[in-house]
Amino acid sequence: MSSERGSAAGARGDAAGPEPQVLVVGAGPTGLTLAGELLRHGVRVRVVDQARGPSDAPRALSLWPRALDILDDLGAGAAIRAAGRRIETFGYFSEGRRVATFHFPPALASTILPQPRIEHALTESLHALGGRVERGVRLVRMTGHQATGLGEDRLGGPVVAELEHDDGTVEQVRPAFVVGADGASSTVRAQMGVHFSGDTYEMAFALVDAHVEGVLSSTEIRYYQTSSGTLVIVPAPDGVFRFLSVVPSGVAEAAADVAAMQAVLDERGPAGVRIVEPVWQSVFRVHTRRATHFRRGRVFLAGDAAHVHSPAGGQGMNSGLQDAHNLGWRLAAVLGRRAPEDILYDYEPERSETARRVVRDTNLHTRAWVVRGRTRRAARDLALSALDRSGMMERWYVPVLAGRRLLYPPPRPTQSPSTRCAVGGGVGAGGGIGPGAGVGGAGIGPGSATASRRSPSRLTWSSWLSWPAWLPGGSAPVIGPGAVFPRQALTAFDGAERIADPTAWILAVIPPTDPAQGGPWFARLARLVEGRAQVRVVIMDPDASPPDALGEDAAEQADHAEHRCCRNPASYYLIRPDGHVAAHGHAEDLARLEAELHHQTLRTVVEWTEGGTLELTPRHATEGSEDV
């Protein structure tokens, strides 16, 4: 067995230490991100991978802003941005003629970096957090009723996982949870008895990464579409370009080599470009598949183990990172007795629905690449040109690609307000957005000590038309339940404290306009959050302008924000540790807020024991997390 080791930390991944609370199977981007997120939350995690060393295959390349947010939290984002190539435009050509150009402002642009370098940055982050990867260790089997499909509505008993090392040694571990992040051929998924449903494209794809002679854009992904097919050219760091095409008709898959790609380039691409130094090549089939379940009992699936799809749009690795981010805080909250086990049940519906949308959108994009017939190609080109001239793509779909429209449909009516939202200029912080204290002795309000020590900052979000519900991304003219709350508002005003405490929930409040109403309303809020130390209350000012401290990218993000904040006085947003809105409501909805706090968090009750000692006890109606 080999390992990639960080600082000594027996309780954080050392096989000789205590049993891991979470066993992560697979050390690709998804598994590394999940492990880092768990370590950030103080969870004992063990990461195993059957490969003896990291992969050198640059399968995935693209990271979109929402995924980079996640990597920033782990401390890997800056290194990835510095090493990567930022994409400024997508260019579409038809029979050599440019028909459309779609622009990406810096805050919505993707970063191109080969997967091995992303994994290296994540591994360095894991080491800094005290973790390691155990190489040459494979999962042989799992036992326990939860691993065979029973107990879907409850967690059930512990999993027993049997691990085999490359020297033949076999051991058993008993983690509280197991996560399969072990790719499309997942052993964990097979052990769970979960089906991987979907289809395989009838055509094969050829891929070549290479240095070139000739001139190609270093900031634009280009799609060269002809009657014989499409050639995609993606600029990568260090002067490397990726060439991707359907294997041409009449060419055997085994013959789809560099020479064949050069022939495709000569036929469809720009003149005068020669492939001179290939660094990687592959021929592959594209699958669109989704696991029928993302969880069974205490065993979860994430990343390619849960879903695979076309590389169109560069969403694959990003979806896996979002799976890890969504699952990590839930596992940590239940293990830390800060939340009931019920929150684990929401992982599957949220991420499975997101995977369904990504599979749908990437399938549409891929079908556009291979459209046949002169009339259909002309209609495609006309649609692309219309999207370019109207600006609709930049206004509406670019934020979808960037992950800024990621939305989890709320399953409970208590997550939504009982009355309509007033929509206006934006969201920000008046007197500073931060933990509040003050009104009427309730411990919450704009007169807080924290607010007074912060300089006034303001953030405004511009208004947009609603994105039609039947198009990718859905319809969300107002920030509502399930949406990503504008990250800049959280990190700029509550940033250092929030990143340092990844367990924190944010209760962002727009105060009442009537001072007479403010005191009683804030007092009731204080009673609701009492005993929930993980809930941090911040005060928002809906009439705000961008703070200079956010910089150009943040100002552009504000200018391109696709959502608007509710402006109702005496309203609130309950924001989860992963930045998604858990609940939103107005003045008359505090009973709904109470229901959501009860559903998603545990209250710590101070009790005196018979021996006269103080005891802090997490309480919930079901006491569901007591036995984890």
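The values are calculated or read from the model by the stated rules, or taken from the named source; none is laboratory data. All figures in this text were calculated on a predicted structure; none of them were measured in a lab. Virtual Cβ from ideal backbone geometry, glycine too; neighbours counted across all protein chains shown. Just the protein is used for accessible areas: all its heavy atoms, side chains included, with ligands, DNA and RNA removed. Shrake-Rupley method; radii C 1.70, N 1.55, O 1.52, S 1.80 Å.
Per-residue SASA remark: residue 388, around 50 Å² accessible (1.4 Å probe; ligands, DNA and RNA not included). Ordered from largest to smallest accessible area (heavy atoms of protein chains, 1.4 Å probe), the residues 524, 404 come out as 524, 404.
Quick one: dipole size for segment 317-396, taken about the Cα centre, charges +1 on Lys/Arg Cβ and -1 on Asp/Glu Cβ, in debye to the nearest 20.
So the dipole magnitude of segment 317-396 works out to roughly 620 debye.
Comparing 185, 217, 156 along the charge dipole axis of segment 128-236, the residue lying farthest to the positive side is 156, per the Cβ-charge model.
Could you provide, to the nearest whole Å², the per residue accessible area of segment 113-225 with probe 1.4 Å? Display every interim value, and only then the final one.
Values: 4330 Å² over 113 residues.
It amounts to 38 Å² per residue over segment 113-225.
Judged by the mean number of other Cβ atoms found within 10 Å, the most tightly packed of the peptides 274-284, 354-364 leads the ranking 354-364, 274-284. In percent, rounded to a whole number, the relative contact order of segment 47-134 is 41, using alpha-carbon pairs under 8 Å and six or more apart.
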